[in-house]
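What follows draws every value from the coordinates through simple rules; no lab data is involved. All values reported here derive from a predicted model rather than from experimental measurement. Every residue, glycine among them, receives a Cβ derived from its backbone with ideal geometry; neighbour counts consider all protein chains shown.
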Amino acid sequence: MAAALTLEGVGKRYGTFEAVRDLSFQVEKGSICGFLGPNGAGKTSTLRMILGLQPATSGRIDILGAADGREVRDRIGFLPEERGLYRKMTPVEAIAFFGSLKGLPAHEGRKRAVALLEQQGLGASQKKKMKELSKGMAQKVQLLASVVHRPEFVILDEPFSGLDPVNQQGLETMIRDLAAQGATVLFSTHVMQHAERLCDKVVLLARGRKAFEGSVEAARATAPRFLELDGALSTQAVAALPGVTGVEVVDEAGDTRRLKAALAAGAGGQDTLKAAFLTGLDVRGFALKEPTLHDAFIGLTGDHPDQPQTSSHTAEAAR
């Protein structure tokens, strides 16, 4: 499959701080790609380089056949992390205005805006002022404004940030619809569950470097299966069981703990459970579970995706 986006050896420095280092990956046309990592891992800096909003310090970028995103900006839709629409505009006016910035005639922009709002269940709000809409509704309007010109490539920077679960689900549906219509979608997030449900491919970033590139299934396969054990258990006793390579506490109340015991490659868990019962451990509940993308991220990077990777440098540079 042809690539809509290619990065080769891309780097970005802010003074002496190297925010992105030797980054290479591809996004295939018509796919949904998750660009994952903790806050401060270099995701936003990379997206800005792809869009041509800031120059790369090194390496090569090709987006839709252009070396600079500004050359093909009318073929790109972008939802920035920093949200903002004119508060006194109506949703129809806001969407049509952003469409005009991409070369869409005003009458066509308004026509498409009305249709998009109806499709997303916002038809009754199309004549309200933006300042009267809920945060979730306003964020939907901003996404519609970024795709009203029907771009080939859509870039979304932390699109789920600040949304409640219902609006997050609605946004996931919108992203699937964009891909179904033939658009290529690249979205950054530090919440692994969204990528797990949506993506054909993920790129994991840690400290400005690529930690993994591939399918969600391939990423999960890098992490071990694990047992969840409930009872009056000590981490030392569980760690000593056969097949266990690591233990962490998931939950704790009094002397009762829920422990997550990682299993060695090829270990089925039965021998571990048998040994737990034979040695008299107080196991009150257990479950054998497959690894999540969150587990894979921690294993591949050694970092928790919800924790920022910052230093004494400015937050802007670290992003």
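Descriptive notes on the structure:
- Taking the Cα centre of the stretch 226-290 as origin and assigning +1 to Lys and Arg Cβ atoms and -1 to Asp and Glu Cβ atoms, the resulting dipole is close to 140 debye.
- For Val20, the amide hydrogen comes within under 5 Å of the amide hydrogens of Lys12, counting only partners 5 or more places away or on other chains and with H modelled in the peptide plane.
- Whichever lysines have a C-alpha closer than 23 Å to that of Lys88, once near sequence neighbours (fewer than 8 apart) are set aside: Lys102, Lys111, Lys127, Lys128, Lys129, Lys131, Lys135, Lys140
- Long-range HN-HN contacts of Gly77 with modeled amide H, under 5 Å: Phe153, Val154, Ile155
- For the stretch 135-258, size of Cβ-based charge dipole, Lys and Arg +1, Asp and Glu -1, in debye: 380 debye
- The relative contact order of the stretch 1-123 comes to 20 percent, based on Cα pairs under 8 Å that sit 6 or more residues apart.
- Helical content of the chain, expressed as a calculated mean residue ellipticity at 222 nm, amounts to -9000 deg cm²/dmol (DSSP H runs of 4 or more residues, -39,500 (n - 2.57) each, divided by residue number, nearest 500).
- Applying 0.36 nm per residue to the separation of Ser215 and Gln54 and subtracting their alpha-carbon distance, the gain on full extension is 55.1 nm.
- Coupling constants for the stretch 95-104 follow from the phi torsions by the Karplus curve (6.51 cos²θ - 1.76 cosθ + 1.60, θ = phi - 60°), and in residue order they are 5, 5, 4, 5, x, 5, 5, 9, x, 7 Hz; glycine and proline get x.
- Here the relative contact order of the stretch 112-216, from alpha carbon pairs under 8 Å that lie six or more residues apart, stands at 20 percent.
- Footprinting exposure proxy for His190, His149, His107 (fewest neighbouring C-beta atoms within 10 Å first): His107, His149, His190
- Length-normalised contact order of the stretch 3-220 in % [C-alpha pairs under 8 Å, at least 6 apart]: 30 percent
- Averaged over residues, the count of other Cβ atoms within 10 Å places the peptides 45-58, 260-273 in the sequence 45-58, 260-273, highest first.
- Separation of the stretch 15-90 and the stretch 172-213, taken as the distance between their Cα centroids, equals 13 angstrom.
- In sequence order, the stretch 290-302 has phi-based couplings of 7, x, 9, 5, 4, 4, 4, 4, 4, x, 7, 10, x Hz under the Karplus curve 6.51 cos²θ - 1.76 cosθ + 1.60, θ = phi - 60°, and Gly or Pro positions carry x.
- Across Ala138, Ala275, Ala195, mean-square fluctuation computed from a Gaussian network of the chain (C-alpha pairs under 10 Å connected) peaks at Ala275.
- In a simple Cβ point-charge model (Lys, Arg +1; Asp, Glu -1; nothing else charged), the stretch 37-175 has a dipole of about 520 debye relative to its Cα centre.
- Furthest towards positive pole of dipole, Pro91, Leu229, Val166, structure part the chain, Cβ charges: Pro91
- Virtual spin-label span in nm between Gln193 and Ala124, 7 Å along Cα→Cβ: 2.7 nm
- ³J(HN,Hα), Karplus 6.51/-1.76/1.60, whole Hz, each residue of the stretch 241-255, x for Gly, Pro: 6, x, x, 8, 10, x, 9, 9, 8, 8, 8, 8, 8, x, 8
- Of all the options Ala145, Ala239, Ala67, the one that moves most in a Gaussian network model of the chain with Cα springs shorter than 10 angstrom is Ala239.
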